[in-house]
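Reading through the structure tokens given below for one structure.
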Amino acid sequence: MPGEAIMNNEDAVRNEWGQICSQLKTEVGEKAFNSWLRPLSVGSFSNGIMNICVPTRFMRNWVITNYSDRIHKIWEKKNPAIKSINFVVQATEDPTIGVHNSSCRSFMKKIPNSPAPQNIYQSGADNLPFAEYTAFNESGQSLSVPLNPQYTFDNFVVGKTNEFAYAAARKVAESDNIPFNPLFLYSGVGLGKTHLMHAIAWHIKQRSPEKNIVYLSAEKFMYKFVRALRYKDTAAFKEQFRSVDVLMVDDVQFMGGKDSTQEEFFYTFNSLIEEGRQIIISADKSPSDLEGIESRLRSRLGCGLVADIHPTDFDLRIGILREKAKQFNCELPDKVAEFLAQKITTNIRELEGALRRLAAHAQLLPGKEISLETTQDVLKDMLRSYDRRTTIDEIQKKVAEYFNISVKEMQSSRRARTVARPRQIAMYLAKQLTSRSLPEIGRKFDRDHTTVMHAVRKVEELIVEDKSLAENIDSLRRAHEE
Ligand code: ADP
Ligand code: MG
């Protein structure tokens, strides 16, 4: 039956949408995903045209400007039958509507100007599971969102890569006057910006409970501002900022391209600075590199202190794992900590997520305490996805470069020490950094698995005996993690 075929098709695309969502979430980060993409749902699909439902017109515009190309690209790759994607405004009663919701079918029922359901962003624009979302309050009282009680200075592990940002944050939190304004924190995702901002807020709250501290994401700022515009209530919106002592706006990169909100932010920002209030901003890039942000705002953002957090190094990852293990109340053997710190190098959120899974597993299944074996097992999927990022080809290339030989030589049958040693090191690193099996590794070097096994043992021995070789290998490993 043709109808049935379409249904099956629809089911398939709905399934694909789930996968696309997972990918988008990794690409854009949880915050942006929750705010802009989670509320979308799959509608009908026919003649190559996919309808995606969006709860409000404002969101529709935003999604089209910022995400539609990407969505289309990913989807087309997955399913060439998708020729184009339509974003259709479809108000929904259910604020928790998620990616798997399929209730959006009737496209005739467009409600173009309907206000957004009160708490459509509830699903965590702030990524705080416990957070009671303080919805925009028509009388204009509430601006800030609750702070995560775990995000304190005490819980922040300091290392080489974040010590400057940490010191700057502490300075702002502890000073009676304003040491620099604004403090601008930037880094890649999951490296501790939000944590530091909350820590500043907690600290100031403790010292001076009377201070009005407002922490919100740039998205929330925009959302509230756009709502105020819709309700013709911008005066109340502005009024809310007048009594603010400390304003923190997280992830301002999301303000890119939204002219009217930028303008508003610029004025709010200037007037607060002029009145001597502290401002703290975070973004994923330095002020000068922010895209879609007006140049005068960019230069204003950079006129205080700019502090960046670098990607983590191995030691910091170990430190953080220890700290989190304490928090999660779990026993973490050194070997497992080292293994995780070696494998999961992208960001702290992922590292933490891995440990959380291990801890939950250990707690739920008594007798399954954390070990290298349970780790490999529990985190199988996650580790596999890391392996995809670390390929043996890359390892060969890096090691060959380092020892000044060619990859061809590395794969050749030559046995001269100058070639054989780097080859063994590359095999060892392939074993350490990927979860490829010995035969799989062997094939990449045109060898069998016993040769790889021998190489791994040999390098393990050499590392103990030869300090400079150990250092070489360590720097290769680090180079690989960058
Ligand atoms: P960002 O805002 O830069 O994306 P977050 O502040 O949300 O990153 O940090 C992601 C996770 O990593 C949080 O759970 C946070 O507590 C944790 N984290 C980041 N840096 C540290 C650190 N130095 N010590 C302890 N935990 C950290
Ligand atoms: Mg953040």
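Distant-in-sequence amide contacts of Ile85, defined by a placed amide H-H separation under 5 Å and a gap of 5 or more residues or a different chain, comprise Met50. The simple Förster model, with R0 at 35 Å and r as the Cβ-Cβ distance, assigns Val88 and Thr234 a FRET efficiency of 0.75. Here r is the Cβ-Cβ distance between Leu365 and Glu338 and R0 is 22 Å; the resulting FRET efficiency, rounded to 0.05, is 0.40.
Take the Cα of Ser208, go 7 Å toward its beta carbon, and the backbone nitrogen atoms of the range 274-307 under 15 Å from that spot belong to 274-280. The distance from the alpha carbon centre of the range 445-482 to that of the range 16-42 is 40 Å, rounded to a whole number. Each principal axis of the Cα atoms in the chain has its own extent, and those three values, largest first, are 78, 74, 50 angstrom.
Kindly provide the helix-only [θ] at 222 nm of the chain, computed as the sum of -39,500 (n - 2.57) over DSSP H runs of four or more divided by all residues, to the nearest 500 deg cm²/dmol? Please list the in-between numbers first.
Details: 20 runs with 250 residues, N = 482.
That calculation yields -16500 deg cm²/dmol at 222 nm.
Amide H to amide H distances under 5 Å link Met248 with Val214, Tyr215, Leu216, Ile280, where only residues 5 or more positions off or on other chains count and H is placed in the peptide plane. Ordering 329-336, 167-174 by mean Cβ neighbour count within 10 Å, with the highest value first, yields 167-174, 329-336.
Working note: Karplus 6.51/-1.76/1.60 with θ = phi - 60° gives the range 291-299 the couplings 8, x, 10, 4, 5, 5, 6, 4, 6 Hz, where Gly and Pro are set to x.
Taking label positions 7 Å along the Cα-Cβ direction at both Ser288 and Ala81, the computed distance is 5.1 nm, reported to one decimal. Compared with the direct C-alpha span, the chain from Val464 to Ala167 gains 103.2 nm at full extension, assuming 0.36 nm per residue.
Quick check: residue separation of Asp154 and Asn61 times 0.36 nm, minus the Cα distance between them. What number comes out in nm?
Between Asp154 and Asn61, full extension yields 29.3 nm more.
Amide H to amide H, which residues 5 or more places from Ser44 or on other chains are under 5 Å from it, using H placed in the peptide plane? The list, which skips near neighbours in sequence, is Asn51. Each residue, Tyr402 and Asp474, gets one label point 7 Å from its Cα in the Cβ direction; the gap between the two is 1.2 nm.
Dipole magnitude for the range 246-359: about 440 debye, using +1 per Lys or Arg Cβ and -1 per Asp or Glu Cβ, origin at the Cα centre. Entry comment: accessible area of the chain is 48 Å² per residue, from protein heavy atoms only and a probe of 1.4 Å.
Basic side chains Lys and Arg get +1 at the Cβ, acidic Asp and Glu get -1 at the Cβ, and with that the dipole of the chain about its Cα centre reaches some 980 debye.
The range 184-206 and the range 268-332 have their alpha-carbon centroids 7 Å apart. Of the solvent-accessible surface of the chain, computed with a 1.4 Å probe and all protein chains present, 49% belongs to carbon and sulfur. In this label model, Arg356 and Glu440 are separated by 2.7 nm, measuring between points 7 Å along each Cα→Cβ vector. To the nearest ten degrees, helix 334-343 and the longest principal axis of the Cα atoms of the chain are 70 degrees apart.
Evaluating 6.51 cos²θ - 1.76 cosθ + 1.60 at θ = phi - 60° for every residue in the range 391-408, the Karplus couplings come out as 9, 5, 4, 5, 4, 4, 5, 5, 5, 4, 4, 4, 9, 6, 10, 9, 4, 4 Hz, glycine and proline recorded as x.
Coupling constants for the range 188-205 follow from the phi torsions by the Karplus curve (6.51 cos²θ - 1.76 cosθ + 1.60, θ = phi - 60°), and in residue order they are x, 6, x, 10, x, 5, 4, 4, 5, 5, 4, 4, 4, 4, 4, 5, 5, 4 Hz; glycine and proline get x.
How large is the charge dipole for the range 314-388, taken about the Cα centre, if only the Cβ atoms of Lys, Arg (+1) and Asp, Glu (-1) carry charge, to the nearest 20 debye?
200
The values are calculated or read from the model by the stated rules, or taken from the named source; none is laboratory data. Everything numeric in this text was worked out from a predicted model, so none of it was measured. So basically every Cβ, Gly included, is an ideal-geometry build from the backbone, and we count neighbours across all protein chains shown. The area values use the complete protein model at the heavy-atom level, side chains included, leaving out ligands, DNA and RNA. Shrake-Rupley method; radii C 1.70, N 1.55, O 1.52, S 1.80 Å.
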